């Protein structure tokens, strides 16, 4: 799956008034209901929690998801391993 002009797997979030969330760089939707949406991205798993969440647009070919509802929290887990000196110190 390619994203962007260079084929990079870029990822972005746009949240408007905690009511509309646009996410690019989505690789897959693991789970969704009115309180929870779990998305796989190049930077790890993104968990969106809230109330009345609804996927208003889903285009996995383009890696784009749009959610509507009340967004309470965005949380990443997994993803890239830390590199460099600080990453090695805190393993």
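The values are calculated or read from the model by the stated rules, or taken from the named source; none is laboratory data. Predicted, not measured: the structure shown is a model, and the values here were computed from it. No Cβ is skipped: glycine too gets one built from the backbone with ideal geometry, and neighbour counts run over all protein chains shown.
Structural remarks
- Residue 43 vs. criteria at pLDDT below 95, surrounded by 12 or more Cβ atoms within 10 Å (Cβ to Cβ) and within 12 Å of the chain's Cα centre (by Cα): yes
- Answer residue from segment 1-26, given it is part of a loop (DSSP other than H, G, I, E, B), modelled with pLDDT of 95 or more and touching a strand residue (DSSP E or B) at 6+ places or on another chain (Cβ under 8 Å) and is farthest from residue 59 (Cα to Cα) among those: 18
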